[in-house]
Each structure stands twice: as structure tokens, then as C-alpha cells.
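Remarks on the structure that follows.
The values are calculated or read from the model by the stated rules, or taken from the named source; none is laboratory data. As the structure is a prediction and not an experimental result, all values here were calculated from the model. When we count neighbours, we look across all protein chains shown, and the Cβ atoms used for this are built from the backbone with ideal geometry, even at glycine. Quick note on the areas: whole protein, heavy atoms, side chains included, nothing else; ligands and nucleic acids left out. Shrake-Rupley method; radii C 1.70, N 1.55, O 1.52, S 1.80 Å.
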Amino acid sequence: MSGVDVITFGCRLNTYESEVMKAQAEKAGLNNAILVNTCAVTGEAVRQARQAIRRARRDNPHARIIVTGCAAQTEKETFAEMAEVDAVLGNEEKLASASYRSLPDFGVSAEEKLRVNDIMSVKATAPQMVRHIDGHVRAFIQVQNGCDHRCTFCIIPYGRGNSRSVPMGAVVDQARKLADSGCREIVLTGVDATSYGGDLPGVPTLGLLAKTLLKQTPEIRRLRLSSIDSIEADAHLMDLIADEPRFMPHLHLSLQHGDDMILKRMKRRHSRADALRFIEDVRRLRPEMSFGADMIAGFPTETEEMFGNAVRLAEEADIAHLHVFPYSPRPGTPAARMPQLDRSLVKERAARLRATGHRLHQSHLDGMVGSRQWLLVENNGLAHTENFALVAAPGLRPGELVPATITGHNGKHLDMQLTAAAAA
């Protein structure tokens, strides 16, 4: 191989940062290299990263393999000890071209491979300008990094550090550059995006940032948020939901569970009633709003009744896009020291919760048949509606915004018929 390839695991923020990494590595003159951007959210994610590293070495015996990301930050020795790995960079180091210019030579010791600082010492997040993201007609803008909360199951604060925000002006500048390059849709992303602004002068909020971005970049036709914590939703955000047609009617919520006792043991800051109240308030303002959510099955001490409360919350909230994670103990977290459930029971409950999510998704697709939707065409013959449902769109040009009538679905994506000429 030649050039720089990137293997990405995990969240949308990692997808964004992989583009930054690739640009910085190429700027530094790195060649014949594979960057592995890891995720630490579950033990399975770490296992998959290790497997991918071994496969990359088999397929590219002479390439330089650099491992970074959250798992590299939290388990640096694990990756440094792998014979297949040439260097390990921390989450801060991976975004700087200097890191790639100062990589160690082949054959060094595990200790010499490491370029990982104390992430808790990082106090600011520099804006990273990305003109586009390969393979995507939508673009992500990082507005925040890190997390000040300490949910008992989560290792991510130790991989990302404390919460820090990108100044509002830098975010708007990034949006303008993306608009100039033809981008129609932007997703604001962060580790804990709704905590945006708490460390900035004047303490702006995520909602105010989104309002400002839309006002100052009228060329952007669609704006979305990545996963949000509903308990931190601000008044500006609720205004956008009610009054701004360019703010897309889809929110992905960090719910995690539906039982109040488990939520307390997770050290979440919302109750079951808080979550349902937020969803009800949003739907009152924007009836077409659809919701996605992250939920964990098999958390320590979870009884069958508690699990049933999680299932019922998904049903009562009518979650159209349910992302289910079987609980995975992460060393160093409080939940890993709690009484654990049998792994077979964890997997069985995760499967049952996924089945609920599948049923809710089918119902969501059923309800869209016959509706008229604006579609943003992707690069792979698919498109997304404003409420983030997937639509088959063969033969259409990526980046087009087209009106269509939904005619049916195959259980995975919607079928459509164009109802007018493509929009400019």
C-alpha cells in the first residue's frame, strides 16, 4: 500500500476526527501507514480493534500501524505490547501533525511506542477544520469534547478528558467552509454535546450555537445534532425545535435505561419521568419528530422487573431507532465492581430489547408510507428523510434534495416515488 489509510471504530466524533488525523498525517509526510482510531465504550469494541490490527498487519506486512483513539488512551499498554503496532498516540496527540513527524522507528520497545499524555490535563479543544468527509454528503462539526459527568458504567471521560468547547466563531467558520464546498447538511457532534459552552465566556448553550450557525450560514439547508442528554436541553434548543424548519426533526437521546433505580445506580441525572416529559414536550412542539436512543441491557443488579421498565420506556416513548448495548464491565468503573449478571442473561435481555426496537422501527416505517418527504441523496444509492428514515434512491445524484412520496418499505428502508423535479 501507499499513502495513509484509516480504520475507524465508534462514534460520529471518531468519524470526524479520522478525517483530521488523515489530513495531519499526510501533512507530516507519513506514507505507507494505517491509522486505527479505536473506541473504548465496550470490551467488544476493544476486542474488535485488536482483531482489526492483526488483520491489517497480515494484509500489509510492511506498513506502519499507528493506534489511537479512546481505547488507546485508556489501555495504552495493551496496544503498545502488540507486536503488530508501531506506535500508540493519545486522543490529543492524534490531531497534531507533529505527532506523525516524530514517530519512533520500527522495532522499538513497548515504552518507546507510546505517545499518550494525561488527557485530564487538556483544558481546551482547538477547532479542527475539515472541508468534507469522504463518502458522506453530510458533514460533522466537532463542537465539544470530553465529559464532566461520571456515569458508573462509562470509561469515556478517561479517554476524552473533561468537557471543553470549541468557540462559537470557530464553529461558524467551519460551517461556512463546508457550505462553500457544497455541503447541504451539518451534524453538530461532541462527547457530551449538550454541555456545550459551560467553559466559554458568556456560557453560550448548544441551542444558541445552533441558532447562530443557521442565521450566519443560510446556505446550510439541514442541521442535526448527534446524541444529546435531554436533561441539559436549553430554551434556545426548544425554540429551534418549534420554529426552525432547517433544524431536522430527529433527536438521538442518551437514555441508557427506563428504571429509576438502575438510572440512579448508573449515576444518570434524569429519571424515567424526566425522559418521557421531554419527549412529550418535543412532540407537542414538533409532531413529526422521531427519536433514537441508546439503552443498556443487563446492567449490574438489574432484575426482570427493572428490565421490563426499560422495554416499556422504549415503547411509551415510541423510539424509532433504538441502539441497544449489552452491558460490558469496563475495568476502573464503579459498575464493574457491582454484582454482575450472568453473561448469557445479559445477551438474552439485549436480544429482547433489540427485538422491541425492531418492532418499533417497523411501526415507524409503516407510519411513513403515503407521506411526502424531502430526501437528501447519499453516495450509496440511499437517502435520508428529514426525520432520518432511510430511503432507497437509485440513480439520483448524491447531494440532491428531492421531494418524494413514500410508497412502501422492505423492513430496512423506505421505497419512494419522486413527486417533482429535484430541488436545487
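Looking for something assigned by the TED database to the domain that holds Arg150 and surrounded by fewer than 20 Cβ atoms within 10 Å (Cβ to Cβ) - is there at least one such residue anywhere in region 251-259? Before you say what the answer is, go through the steps one by one.
Within region 251-259, the first condition is being assigned by the TED database to the domain that holds Arg150, and the residues that meet it are 251-259.
Checking which are surrounded by fewer than 20 Cβ atoms within 10 Å (Cβ to Cβ) leaves us with none.
No - not one qualifying residue is present in region 251-259.
Rundown of residues vs (1) part of a loop (DSSP other than H, G, I, E, B); (2) closer than 22 Å to Gly10 by Cα; (3) at pLDDT 90 or above; (4) touching a His at 6+ places or on another chain (Cβ under 6 Å), yes/no style:
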{"site": "Ala71", "(1), (2), (3), (4)": "no, yes, yes, no"}
{"site": "Phe79", "(1), (2), (3), (4)": "no, yes, yes, no"}
{"site": "Met82", "(1), (2), (3), (4)": "yes, yes, yes, no"}
{"site": "Val88", "(1), (2), (3), (4)": "no, yes, yes, no"}
{"site": "Ala98", "(1), (2), (3), (4)": "no, no, no, no"}
{"site": "Asp105", "(1), (2), (3), (4)": "yes, no, no, no"}
{"site": "Glu111", "(1), (2), (3), (4)": "no, no, no, no"}
remark   = For Ala389, the lone unmet condition from (1) out of contact with any Asp or Glu (no Cβ under 6 Å at 6 or more places or on another chain); (2) surrounded by fewer than 16 Cβ atoms within 10 Å (Cβ to Cβ) is (2)
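Across region 383-412, what is the total count of residues that are over 24 Å from Arg286 (Cβ atoms) and outside any loop (DSSP other than H, G, I, E, B)?
Number of matching residues: 3.
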query = Within region 1-46, which residues are in contact (Cβ under 8 Å) with a residue 60 or more places away in the chain and in a loop (DSSP other than H, G, I, E, B)?
reply = Met1, Phe9, Gly10, Cys11, Ala28, Gly29, Leu30, Ala40, Val41, Thr42
remark   = Picked from region 170-189 (must be open to solvent by 10 Å² or more (accessible area, probe 1.4 Å) and in contact with a helix residue (DSSP H, G or I) (Cβ under 9 Å, 6 or more places away or on another chain)), the residue nearest to Arg138 (Cα to Cα) is Cys183
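Tell me, please, whether a residue that is more than 29 Å from Glu400 (Cβ to Cβ), in a helix (DSSP H, G or I), open to solvent by 10 Å² or more (accessible area, probe 1.4 Å) and not aromatic (Phe, Trp, Tyr) can be found in region 195-203. Steps first, answer last, please.
Applying the first criterion (more than 29 Å from Glu400 (Cβ to Cβ)) to region 195-203 yields 195-203.
Pick out the ones that are also in a helix (DSSP H, G or I) and you get 195.
Adding the requirement that they be open to solvent by 10 Å² or more (accessible area, probe 1.4 Å) leaves 195.
Still in the list and also not aromatic (Phe, Trp, Tyr): 195.
Yes, that holds for at least one residue.
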inquiry  = Given the condition in contact with a Ser or Thr (Cβ under 9 Å, 6 or more places away or on another chain), more than 24 Å from Ser227 (Cα to Cα) and open to solvent by 60 Å² or more (accessible area, probe 1.4 Å), answer yes or no: does some residue in region 312-322 qualify?
reply    = no
task = Give the number of residues within region 214-249 that are touching a His at 6+ places or on another chain (Cβ under 8 Å) and either in a loop (DSSP other than H, G, I, E, B) or open to solvent by less than 30 Å² (accessible area, probe 1.4 Å) (or both).
result = 7
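Test Pro326 against the stated conditions and say whether it is open to solvent by 60 Å² or more (accessible area, probe 1.4 Å) and either farther than 22 Å from Ile279 by Cβ or in contact (Cβ under 8 Å) with a residue 24 or more places away in the chain (or both).
No.
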inquiry  = Anything in region 355-382 that is surrounded by fewer than 18 Cβ atoms within 10 Å (Cβ to Cβ), of a type outside the set (A, V, I, L, M) and assigned to a helix (DSSP H, G or I)? List them, or say none.
reply    = His358, Arg359, Gln362, Ser363, Asp366, Gly367
message = Contact list please: Cβ distance under 7 Å, first residue in region 60-82 and of a type in the set (S, T, N, Q), second residue assigned to a helix (DSSP H, G or I) and open to solvent by 20 Å² or more (accessible area, probe 1.4 Å), pairs at least six apart or on different chains.
response = Thr74/Tyr158
ask   = Can you tell me how many residues in region 330-344 are closer than 15 Å to Glu302 by Cβ and surrounded by fewer than 15 Cβ atoms within 10 Å (Cβ to Cβ)?
value = 4
note = Considering residues that are aliphatic (A, V, I, L, M) and farther than 21 Å from Arg47 by Cβ, the number found within region 312-354 is 8
ask   = When Thr152 is evaluated against the numbered criteria (1) open to solvent by 10 Å² or more (accessible area, probe 1.4 Å); (2) of a type in the set (Ser, Thr, Tyr); (3) at pLDDT below 95, which criterion, by number, is the only one it fails?
value = (3)
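For every residue, the table says whether it meets (1) on the phi > 0 side of the Ramachandran plot; (2) out of contact with any helix residue (DSSP H, G or I) (no Cβ under 8 Å at 6 or more places or on another chain); (3) crowded, with 21+ Cβ neighbours inside 10 Å.
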position: Gly10; (1), (2), (3): yes, no, yes
position: Glu19; (1), (2), (3): no, yes, no
position: Glu26; (1), (2), (3): no, yes, no
position: Asn32; (1), (2), (3): yes, yes, no
position: Leu35; (1), (2), (3): no, no, yes
position: Gly43; (1), (2), (3): no, yes, no
position: Arg47; (1), (2), (3): no, yes, no
position: Gln51; (1), (2), (3): no, yes, no
position: Ile66; (1), (2), (3): no, no, yes
Qualifying positions in region 261-301 - under 23 Å from Asp148 (Cβ atoms) and without any contact (Cβ under 8 Å) to a residue 40 or more places away in the chain = Leu263, Lys264, Ser271
request  = Among residues belonging to region 53-64 that are open to solvent by 20 Å² or more (accessible area, probe 1.4 Å) and either β-branched (Val, Ile, Thr) or not in a strand (DSSP E or B) (or both), point out the one that is nearest to Cys154 (Cα to Cα).
outcome  = Arg54
task = Find the residue count for region 280-305, including only residues that are over 18 Å from the mean Cα position of the chain (by Cα), open to solvent by less than 30 Å² (accessible area, probe 1.4 Å) and closer than 19 Å to Gly357 by Cβ.
result = 5
